[in-house]
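One structure is given here, and the rest of the page talks about it.
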Amino acid sequence: MSGEQYQSDVLIVGGGLTGLPLALALAQGGLSVTLVDTLDPATATGAGFDGRVSAVAFSSCRMLGQLGVLKHLAGQMQPINDIIVSDGRVREPSSSLFLHFDHTEIGDEPLGHLIENRHLRIALQRAVADEKRITMIAPNVATDIRYGGDVVATLKDGATVKARVCFAADGRNSPTRVAAGIKTVGWDYGQTGIVTTVEHERDHEGVAQEYFLPSGPFAILPMVGRRASLVWTERHDSAKIILALDEDGFNDELRARFGDYLGACRAVGPRWSYPLSLQLARDYVRPRMALIGDAAHAIHPIAGQGLNLGWRDVAAAAEVVIEAARLGQDIGAFDVLERYQQWRRFDNVSLSLLMDAMNRLFSNDIGPLRFTRDLGLGIVNLMGPARRLFMRHAGGSVGELPRLLKGEPI
Ligand SMILES: Cc1cc2nc3c(=O)[nH]c(=O)nc-3n(C[C@H](O)[C@H](O)[C@H](O)COP(=O)(O)OP(=O)(O)OC[C@H]3O[C@@H](n4cnc5c(N)ncnc54)[C@H](O)[C@@H]3O)c2cc1C
């Protein structure tokens, strides 16, 4: 048993893709941070841990720049120049009505970048290691957290951490949220996201495809090189069958959906699977405690927005807490944390429900619905202002933006 006693301004439980940048933002604002994660950092960045690639919106990229993370991502970022949204059926050509988002319509910046989660974690961990105000304790678990005049957490090895406030960035099952008695609402989508990497013959030119099939969206996300990452959504039972296919069978199913627009293609590397569900926390804050990222809202990956929402939480929470510290306020006080909740909850809930509605509208083969949604795609494609608004929304540059998302220092 370790009798170690740590003391800092902030405790963050969960050093994943939202916990790490939150630690960086708070530290850059002058606060000391203790970050606890159950996983050994080397395991979390291993090639077999997480095969996903994240679509990182342009506002999120600005934040990564401000936090000193981009310099660790050189050569790992694939710009998203265009996104094509279309509707179809397996082994049939897609509908002639589609929606085309072209980044040049809203400026010089790409719509975002695609970055492998593994490289994001490596880059964030490097930036954290360079920051003197952050103490990372991993692997370890906060087994008991008490909230009173301070936060006092006891870790699995007997160490204790004392802080003014605790952020729970411990993912969709958030043990910290459960222990605090915060309830969630949500439902299972009956869908599994199959994730794998595909090698193809021709250049993708930074074009991402969102292809809606009756079982769910089939996203083709361009990666660095002649590679793409798939988020291939199937009903749970079909996903099980597809995942169990041998290489030839899997590639046959893959090509029936991917088509040949990039020449010959085949899956390379492992197959991952993620059961998809919606889960929204009823509250984000308690005295001395706040939820962040998937702990607060786990959503359908239909438009690659989950992590971007989490990073908007990071930017808002850091700004609120740092401002309170600069004004000499108690950074764990309920009214301070409530400002963060008020700033973020509406955006998170509305976007989650929009993703939910899109998934319901497109994940079926009902004739009249198919006709209406295809017509909708075609009409929006003809409407420049609507197209540009969608792009700004997806890029995370609509509404009252925290400073980090505008590319300004915290
Ligand atoms: C198939 C798929 C594709 C996606 N694609 C995109 C995309 O393109 N763009 C996008 O924006 N989003 C995407 N998302 C969503 C995104 O992956 C999540 O929103 C994001 O990973 C959430 O990060 P997080 O840090 O909040 O949670 P997690 O990634 O779950 O991290 C939680 C961390 O907490 C740690 N932990 C858990 N319990 C404890 C404990 N008791 N004590 C200490 N530590 C603990 C874990 O070890 C982990 O490191 C996708 C999701 C899926 C399923």
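The values are calculated or read from the model by the stated rules, or taken from the named source; none is laboratory data. As the structure is a prediction and not an experimental result, all values here were calculated from the model. Every residue, glycine among them, receives a Cβ derived from its backbone with ideal geometry; neighbour counts consider all protein chains shown. For the accessible areas, the whole protein counts, side chains as well, though only heavy atoms, and no ligand, DNA or RNA atoms are used. Shrake-Rupley method; radii C 1.70, N 1.55, O 1.52, S 1.80 Å.
The conditions are (1) more than 16 Å from the ligand (Cβ to nearest atom); (2) out of contact with any strand residue (DSSP E or B) (no Cβ under 7 Å at 6 or more places or on another chain), and F362 fails exactly one of them. Which is it?
(2)
Give me the pairs: first residue in the range 326-347 and assigned to a loop (DSSP other than H, G, I, E, B), second residue open to solvent by 50 Å² or more (accessible area, probe 1.4 Å) and at pLDDT 95 or above, beta-carbon distance under 6 Å, and six or more apart or on different chains, which are they?
From the range 326-347, the pairs are I331/R164; G332/R164.
Considering the range 127-137 alone, what residues qualify as being open to solvent by less than 30 Å² (accessible area, probe 1.4 Å) and either part of a strand (DSSP E or B) or of a type outside the set (V, I, T) (or both)?
Residues of the range 127-137 that are open to solvent by less than 30 Å² (accessible area, probe 1.4 Å), as a first pass: 127-128, 134, 137.
Within the range 127-137, A127, I134, I137 qualify.
Collect the residues in the range 153-175 that are open to solvent by 50 Å² or more (accessible area, probe 1.4 Å) and in a strand (DSSP E or B), keeping them in residue-number order.
Once the filter is applied, which keeps residues that are open to solvent by 50 Å² or more (accessible area, probe 1.4 Å) and in a strand (DSSP E or B), the range 153-175 yields only K162.
If I ask for residues that are open to solvent by less than 10 Å² (accessible area, probe 1.4 Å) and touching a Ser or Thr at 6+ places or on another chain (Cβ under 7 Å), which ones from the range 13-34 would you list?
Listed by number, the residues that qualify are V33, T34.
Among the residues in the range 176-184, are any within 11 Å of the ligand (Cβ to nearest atom) and open to solvent by 20 Å² or more (accessible area, probe 1.4 Å)?
Of the residues in the range 176-184, the ones within 11 Å of the ligand (Cβ to nearest atom) are 176-179.
Narrowing further to those that are open to solvent by 20 Å² or more (accessible area, probe 1.4 Å): 178-179.
Yes, the range 176-184 contains a residue that is within 11 Å of the ligand (Cβ to nearest atom) and open to solvent by 20 Å² or more (accessible area, probe 1.4 Å).
Just give me the residues in the range 141-152 being open to solvent by 40 Å² or more (accessible area, probe 1.4 Å) and in a strand (DSSP E or B), in sequence order.
Of everything in the range 141-152, those that are open to solvent by 40 Å² or more (accessible area, probe 1.4 Å) and in a strand (DSSP E or B) turn out to be T143, D144, R146, Y147, V152.
Filter the range 46-65 for residues that are buried (at least 20 other Cβ atoms within 10 Å of the Cβ) and more than 10 Å from the ligand (Cβ to nearest atom) and give the result.
F58, S59, C61, R62, M63, L64
Kindly indicate which of G107, G112, G15, G51 is of a type in the set (G, A, S) and more than 16 Å from the chain's Cα centre (by Cα). Step through it out loud before you land on a result.
On the way: G112 fails: more than 16 Å from the chain's Cα centre (by Cα); G15 fails: more than 16 Å from the chain's Cα centre (by Cα); G51 fails: more than 16 Å from the chain's Cα centre (by Cα).
One residue alone meets the criteria, G107.
Could you please find all residues in the range 68-83 being touching a Leu at 6+ places or on another chain (Cβ under 7 Å) and hydrophobic (A, V, I, L, M, F, W, C)?
Correct list: V69, L70, I80, I83.
I'm trying to understand the selection: among the residues of the range 381-401, which are open to solvent by 30 Å² or more (accessible area, probe 1.4 Å), in a helix (DSSP H, G or I), within 16 Å of V85 (Cα to Cα) and not charged (D, E, K, R)?
Answer for the range 381-401, where residues must be open to solvent by 30 Å² or more (accessible area, probe 1.4 Å), in a helix (DSSP H, G or I), within 16 Å of V85 (Cα to Cα) and not charged (D, E, K, R): N381, L382, L389, F390, H393, A394.
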